[in-house]
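To start, the structure under review is shown below, and the notes come after it.
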Amino acid sequence: MTAALLYPFIIVAGVLQALGNSMNAQLRGRMVNPWLAATVSFAPIVFVFTTLFLMMPTPLPGLDTLGGMPWYAPLGGLAGAVAVFGGLAFVDKVGAGPFNGLTITANILTSLALDAFGLFGLQPAGFKPMPWLGGLLMVAGIVLIARASSGKDDGDGDGHGLDPKLLYPFILGAGALQAIGVVWNAQLRGALVNPWLAATVSFLPVVFVFAFVFLIRPTPLPTRADLSGVRWWMPLAGLTGAVAVFAGLLFVDKVGAGAFNGLLITANLLTSVALDHFGWLGMKQVRAGPQRLGGAALMAAGIVFISLF
């Protein structure tokens with residue numbers, strides 16, 4: 001199958017990921033405790049993928065594929081969850097605009113490096129100037145969108161006396177791990193053969209970690225009034241975001257990390273801009289002005305360079 005034929009599926013995964021982010025924000029507000037919210041969001045994913053694996057248990061991995069699996073492959077889900085933890089811990093200290101700008105910038109540049117050098121089992125493509133130019137255009141677009149977001153949806157910037165800029169290296173690291181986690185998940189898929197089993201193995205440690213932290217830090221807890229405001233679609237946030245992870249399991253080795261993450265991020269951010277503009281899913285309405293629309297255009301141009309060259 002031609003790689004370009006997979007692009008629509010990846011774009012849909014990016015749209016669903018953006019919807020999941022907004023749904024998670026609503027769930028976080030109702031559940032009060034971020035660790036409880038993360039557990040509630042991720043637990044249905046494991047249930048669904050486990051059920052699908054039990055319904056379709058074949059093919060199963062053999063000793064040859066398991067023996068060739070790198071030790072880090074099952075940690076792909078945890079690597080991606082670092083960005084979730086970063087959002088929980090740092091977004092109120094540095095602001096949503098800078099946080100998203102830093103993580104996405106690190107993600108796309110790391111993805112291009114993974115493709116260029118053939119890291120973690122990817123086919124090395126060598127240095128190609130046009131995809132890197134596309135990456136720079138995407139970064140410029142991300143900066144415009146993040147700057148337009150600053151002051152509108154940022155937190156209060158209370159860093160408890162800590163300069164928020166000191167957190168930037170950790171946020172960049174979270175974005176890089178997010179890109180690496182996609183590649184690790186693809187390797188896990190190759191080793192475990194069955195995609196439903198691979199998805200279950202990828203998400204299970206994430207749920208365990210969030211549930212464990214919640215047991216350690218069980219307060220604050222939601223009140224009855226908080227829980228009464230939980231809509232039926234809020235706990236499905238993790239499932240919509242999981243489509244992107246599953247798409248990575250299936251497609252990243254076919255289209256390349258740069259094209260996959262570029263398409264995913266572009267669809268994600270453009271959908272986020274639309275959600276803000278129209279105030280869907282309970283989001284605060286923020287009109288998409290010239291700066292946001294200009295950033296969106298730069299990102300679209302960047303993904304063309306990355307995908308076509």
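The values are calculated or read from the model by the stated rules, or taken from the named source; none is laboratory data. Everything numeric in this text was worked out from a predicted model, so none of it was measured. Cβ sites come from the backbone with ideal geometry, for glycine too, and all protein chains shown count toward neighbours. Side chains are part of the model used for accessible areas, which takes the heavy atoms of the whole protein and leaves out ligands, DNA and RNA. Shrake-Rupley method; radii C 1.70, N 1.55, O 1.52, S 1.80 Å.
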15 Å beta-carbon shell around residue 222, net charge (K/R +1, D/E -1): +4
Solvent-accessible heavy-atom area per residue, rounded to whole Å², over the chain at 1.4 Å: 47 Å²
Span from the the stretch 160-239 Cα centroid across to the the stretch 261-295 one, whole angstrom: 22 Å
Listed residues 270, 241, 281: farthest to the positive end of the dipole of the stretch 180-309 (Cβ charges): 281
Dipole moment magnitude, nearest 20 debye, the chain about Cα centre, only Lys, Arg, Asp, Glu C-beta charged: 380 debye
Distribution of pairwise C-alpha distances over the stretch 240-300, 10 Å bins, in %: 21, 40, 29, 10
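Which net charge results when you count Lys and Arg as +1 and Asp and Glu as -1 among the other residues whose beta-carbon is under 14 Å from that of residue 124? Don't jump to the answer; show the numbers that get you there.
Details: positive: 128; negative: 115, 253.
Every neighbour counted, the sum reads -1.
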Charge dipole (the chain, unit charges on Cβ, about Cα centre) - positive-most of 184, 80, 70: 80
Local net charge near residue 298, Cβ-Cβ under 15 Å (Lys/Arg +1, Asp/Glu -1): +2
